[in-house]
1. Full-extension gain between Glu43 and Phe18, please, as 0.36 nm times their residue separation minus the C-alpha to C-alpha distance.
2. Between the DSSP loop rule and a limit of at most 10 other Cβ atoms within 10 Å, which GluC sites (Glu not before Pro) in the stretch 1-48 are left?
Amino acid sequence: MKKTNVEFEMNEDLKTKFDDVCKDLGLEPDTAMNIFAQKMVNEQAVPFEINQKDIPVDEDEERRALIKKVVKGSLIGAGIGLAVSGVCRLIVHFAKKEVRKEEKKLFFWK
């Protein structure tokens, strides 16, 4: 698969800490970012909860306001996702129960 370079700015201290965590986990930083990107694409959302303490402190005010909007949206999206996930689990659970009932009937009639 063809690859492309991605370039973005990051606080130098955060980058150092990120590199250290990746090293501790046995990952290259680019591998960690690729995993993050793939997970985000798979889930069509940020794949983890974001809160106020996660917003970088060195961001300018306009950018911080935008990030705060994303944080609020991701929390709403996460809540909806959890609700849908819970409903899907219930549907699967009850569907399995119905299948088991039908299987019992089949075995009973044999």
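Each reported figure results from applying straightforward, stated rules to the coordinates on display, with no laboratory input. Note that the coordinates shown come from a computational prediction; the quantities given were computed from them, not determined experimentally. Positions of Cβ are generated from backbone atoms using ideal geometry, with glycine treated the same way; all protein chains shown enter the neighbour counts.
1. Between Glu43 and Phe18, full extension yields an extra 6.7 nm.
2. Filter output for the stretch 1-48: Glu7, Glu9.
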